[in-house]
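Working notes for the structure below.
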Amino acid sequence: MDNIIEGTAAAGAKLVFADNLFAYGIVQSPITEDLPLRPATRKGRIRSLLAYKLIEAEKKGKLRSVTVRASDFFGPGVLNSIAAELVFKPMLAGKKGMWLGSLDAPHSMSYTEDVARGIVMLTEIDSAFGQVWFIPAGKPPSGRQFIEMAFKEAGLSPKMGVRKAAAMSMAGIFSAMVREETELLYQFEKPFVMDTSKFMREFPDFVPTPLQEAMKKSVQWFHEHK
């Protein structure tokens with residue numbers, strides 16, 4: 001981040017920082033941009049540090065930046081994600097779709113084409129810089145709904161399971177990937193939902209891609225690249 005800030009400043013450019021929600025930590029209500037950063041994990045502390053570095057650089061007048069935050073990504077070409085690793089790849093290999101924590105807690109899922117569209121819209125207005133924005137996602141599905149929809153689009157009968165804390169702690173002894181996923185459990189055990197009303201007030205005509213359409217494009221891409 002230090003190098004990005006220095007490079008952007010030296011080039012006289014503006015910076016768009018695409019971030020996630022890890023730095024907010026454990027929340028009890030829909031997440032808004034102005035909530036304090038109270039990270040609960042190593043990942044969250046790193047994200048918080050990056051955010052404060054950027055805020056400090058902005059305060060010092062070194063550069064102009066806009067921070068764009070979204071929830072868990074999914075979409076065509078998105079390989080390093082919960083949706084890809086736990087749902088799309090196992091499903092197309094004939095295995096169960098898996099979820100973390102709870103199958104029934106709503107969880108905001110950010111479709112990458114919507115995030116890209118939102119970023120472009122923000123960079124076109126000067127007043128967006130110096131602020132944090134959440135890009136709208138569709139109605140937050142539960143893990144059960146997300147997996148059922150994925151299997152339906154693939155023409156398969158739904159098969160699903162859930163990874164709970166105790167089992168993940170044991171499996172994490174042998175798997176670095178599971179250890180990383182365990183840090184994120186708190187986001188999936190209870191509702192984890194973005195409030196994107198700030199963005200919608202600025203761009204009232206923005207319509208997130210319907211989940212069914214986003215799922216269809218995603219499953220088709222993973223099927224073609226399996």
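Computed from the coordinates by the stated procedures, all read-outs in this text should not be read as laboratory data. Not measured: the values here are computed from a predicted model. For neighbour counting, all protein chains shown are included, and Cβ atoms are generated from backbone atoms with ideal geometry for every residue, glycine included.
One compactness figure for the stretch 14-224 is 1.04, namely its Cα radius of gyration divided by 2.2 N^0.38 Å.
Largest mean-square fluctuation among 145, 28, 187, in a Gaussian network model of the chain whose springs join Cα atoms under 10 Å apart, belongs to 28. From the alpha carbon centroid of the stretch 127-154 to that of the stretch 1-75 is 20 Å.
Proximity of backbone amide H atoms, modeled 1.01 Å from N, is registered between residue 163 and 99, 100, 101 at under 5 Å, excluding neighbours fewer than 5 places apart on the same chain. Go ahead and set up a Gaussian network model of the chain, Cα springs under 10 Å, then flag whichever of 206, 88, 73 fluctuates most. Of 206, 88, 73, the Gaussian network model singles out 206 as fluctuating most. The C-alpha atoms of the chain define a longest principal axis, and helix 2-11 lies at about 50 degrees to it. Against the main long axis of the alpha-carbon atoms of the chain, helix 211-224 sits at an angle near 70°. Residues with beta-carbon under 10 Å from that of residue 24, excluding residue 24: net charge, scoring Lys, Arg +1 and Asp, Glu -1? My count for the surroundings of residue 24 gives +2. Amide H contacts of residue 64: 15, each under 5 Å away and 5 or more positions distant or on a separate chain (H built 1.01 Å from N in the peptide plane; Pro and chain starts excluded). Once the chain from residue 85 to residue 28 is taken as fully extended at 0.36 nm per residue, the excess over their C-alpha distance is 17.8 nm. Less than 5 angstrom separates the built amide H of residue 110 from those of 71, 72, 73, 74, all sequence-distant by 5 or more or on a different chain. Summing charges over neighbours of residue 40, with a neighbour being any other residue whose Cβ is under 13 Å away from its Cβ, gives +4 when K and R count +1 and D and E count -1.
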